[in-house]
Every structure is written in structure tokens, then in C-alpha cells.
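Take a look at the structure set out below.
Rule-based calculations on the coordinates, nothing more; no lab input. Since the structure is predicted, the reported quantities are computational estimates derived from the model, not experimental observations. Reconstructed Cβ throughout: ideal geometry from the backbone, glycine too, with neighbour counts over all protein chains shown.
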Amino acid sequence: MVIAFYVLGFLAIFSAIMVVASERPIVSGLYLLLCFISVAGIYITLSAPFVAAMQLIVYSGAIIVLILFVIMLLNQHREKESRRPKWVTALSTVAAIVIGWGVYLTFITSKVVLSHTKMSPVGGMKGNVEQLADVLFSRYFIPFEVISVLLIAAIISAVFISKKRV
Amino acid sequence: MVPLIDYLILSAVLFTIGIIGILIRRNIITIFMSIEIMLNSVNLAFVAFSRFLGNMDGQIVVFFIFAVAAAEAAVGLALVVAWFKLKESIQVDDMKLLKG
């Protein structure tokens with residue numbers, strides 16, 4: 001489990017860097033697929049099989065196909081020359097690292113985080129889906145129904161936005 | 001056994017890479033992919049906390065984030081396609097119609 005976590009974590013970070021660094025959008029899309037699959041593997045090491053399966057179905061199934069489809073539809077195979085000055089990019093990178101450092105500091109100074117080194121036996125590999133269903137269909141029943149309305153609204157608006165203007 | 005802090009550090013690193021991607025790339029589709037990476041890192045933190053604290057609510061929230069991310073992808077990519085039909089470009093530097 002420990003080796004699997006570090007291998008998958010390295011793979012996720014590497015592919016995320018390649019998503020940001022690669023010139024061609026289609027290559028970024030395929031690296032994004034690798035990133036999503038390694039995050040799904042990390043969910044397995046966390047013994048959360050339901051979330052891992054959802055990750056594979058929704059992200060690496062639906063969203064990646066949608067993104068790759070749009071890239072092919074728009075036929076933009078190479079990014080144009082940069083029109084921004086170099087120092088703007090450098091400053092943006094520094095700003096992003098400062099924000100990320102803030103997140104990291106919050107995590108490593110938290111007593112709750114440091115005091116948990118073992119996974120809880122509750123909701124592990126065995127009976128994970130049953131326990132999730134118990135919570136989802138009792139306490140979170142109303143949000144669960146509202147999500148379906150949100151999805152319908154998203155479908156209708158996507159069709160309406162991208163249809164031909166008369 | 002991997003401690004909780006390692007999962008959270010991985011999540012913070014992925015989040016930082018996502019912010020860098022949003023700030024330095026000019027292609028709207030790549031910016032979109034960076035947003036997906038950030039959503040994934042937040043999901044990872046939620047699931048890690050859920051498993052280590054023994055509370056199933058974190059995984060329920062991740063379930064909702066999946067649904068919202070799917071809706072966001074559909075609407076966002078529809079907007080990109082509509083913009084491309086209008087201007088023949090997907091560079092964010094060309095999106096300055098509201099510039100005063």
C-alpha cells in the first residue's frame with residue numbers, strides 16, 4: 001500500500017506538471033487522463049472503492065472524452081506564440097507557489113492532521129458502498145435530488161449555448 | 001501505513017500545479033484542465049480526511065463535487081465552442097470585449 005501510494009502520487013504529480021507544461025492541448029488531455037487514473041488508484045489505497053469507481057466513470061470516462069472531443073472539434077493543435085511578457089509568467093508562478101505554500105502550511109501546522117496516522121476502521125473496503133448509501137439516502141437525500149435538477153439545467157444550458165444563432 | 005499528512009501534501013501539490021496552470025497558460029482548454037486538476041486535489045483531501053477521521057460525509061461531498069464537475073464541464077465546453085464560433089480563437093488574450 002505504501003509503495004503503491006508513492007508510485008501513484010509521483011505519477012499524479014508528474015502527469016499534472018505535463019498537463020500544464022505541454023504545448024499541444026491534445027497531449028495535455030491525455031496526460032490529464034493519466035492524472036485522473038492515478039488519483040483513482042490513490043483512492044483505492046485510501047480504501048474508498050466507490051469514489052475510485054466514480055472517478056474512473058465520471059472523470060476519465062465522461063469529462064476526458066468531452067474535453068478531447070472539443071479539442072478535436074476546434075482543431076487547435078498548437079498553442080500560438082506567447083504575447084505576454086516573460087516576467088508576468090514568472091510572477092504568476094511565484095504567486096501560485098505562495099498560495100500553495102499557504103495551503104501546505106495550514107496542513108502541516110494542524111494538530112488534527114498530525115495526530116491521525118492510521119486509517120479509521122469505519123467505512124473501509126468492506127461495506128463501503130452500503131455505509132455511503134445509508135448516509136446519502138438519509139441525511140443527504142434532499143441535496144441528492146437537487147443534484148439531478150442541476151444536471152438537467154446543465155444539459156439544457158449546454159445545448160442552448162452551443163446551438164446555432166438564428 | 002501512509003499517514004494523513006502525506007495525502008494532504010499530495011493534494012496541496014496538485015492544487016498548486018492547478019493554480020500555476022490557470023495563471024500561466026493562455027489556451028482556454030488547458031486552463032479548463034487545470035481547474036479539473038484543482039477539483040481532483042480537493043476531492044483527494046476530502047476522501048483522505050473522510051477515511052482517517054472515520055466520517056462518511058467527506059465521500060458524500062466528493063460525490064456531489066463529481067456531479068457539479070460534470071455539469072461545469074458540459075456548460076464550460078459549450079461556452080468555449082460558442083466563443084470559438086464567434087471569434088475563431090480559444091486564446092484568453094483575445095477575450096477582452098468587456099475591457100474598458
>> Starting from the 7 Å offset along Cα-to-Cβ, what nm value, one decimal, do you get for the label separation of A:Ser115 and B:Lys85?
In response: 5.7 nm
> Measuring from label point to label point, each 7 Å out along Cα→Cβ, what is the A:Val88 to A:Ala62 span in nm?
Replying inline: 3.6 nm
> In the neighborhood of B:Leu4, defined by Cβ-to-Cβ distances under 15 Å, what is the net charge if each Lys or Arg adds +1 and each Asp or Glu adds -1?
Replying inline: +2
>> Cross-link candidates for B:Lys99: which lysines have Cα within less than 17 Å, leaving aside residues fewer than 8 places away along the same chain?
In response: B:Lys87
> If you plug each phi of the range A:153-161 into the Karplus form 6.51 cos²θ - 1.76 cosθ + 1.60 with θ = phi - 60°, what whole-Hz ³J(HN,Hα) values come out, in order, with x for Gly and Pro?
Replying inline: 4, 5, 4, 5, 5, 4, 5, 5, 5
> Applying the Karplus parametrisation 6.51 cos²θ - 1.76 cosθ + 1.60 with θ = phi - 60° to the phi angles of the range A:51-57, what ³J(HN,Hα) value in whole Hz is obtained for each residue in order, glycine and proline being reported as x?
Replying inline: 5, 4, 5, 4, 4, 5, 6
>> Which of A:Pro143, A:Pro85, A:Pro49 ends up with the largest GNM mean-square fluctuation for chain A, with Cα atoms connected below 10 Å?
In response: A:Pro85
>> Give the lysines reachable from A:Lys126 as a straight Cα distance under 24 Å; neighbours fewer than 8 places away on the same chain don't count.
In response: A:Lys118
>> Taking θ = phi - 60°, what integer Hz values does the Karplus form 6.51 cos²θ - 1.76 cosθ + 1.60 yield along the range B:76-83, in sequence order, with x for Gly and Pro?
In response: x, 5, 5, 5, 4, 5, 5, 4
>> Between A:Val122 and B:Val68, what is the label-point separation in nm under the 7 Å Cα-to-beta-carbon projection?
In response: 2.4 nm
> To the nearest 500 deg cm²/dmol, what mean residue ellipticity at 222 nm is calculated for chain B from DSSP H runs of n ≥ 4 alone, each contributing -39,500 (n - 2.57), summed and divided by the residues?
Replying inline: -28000 deg cm²/dmol
> Using r as the Cβ-Cβ distance of A:Ile142 and A:Leu73, and R0 as 41 Å, what FRET efficiency do you calculate, to the nearest 0.05?
Replying inline: 0.65
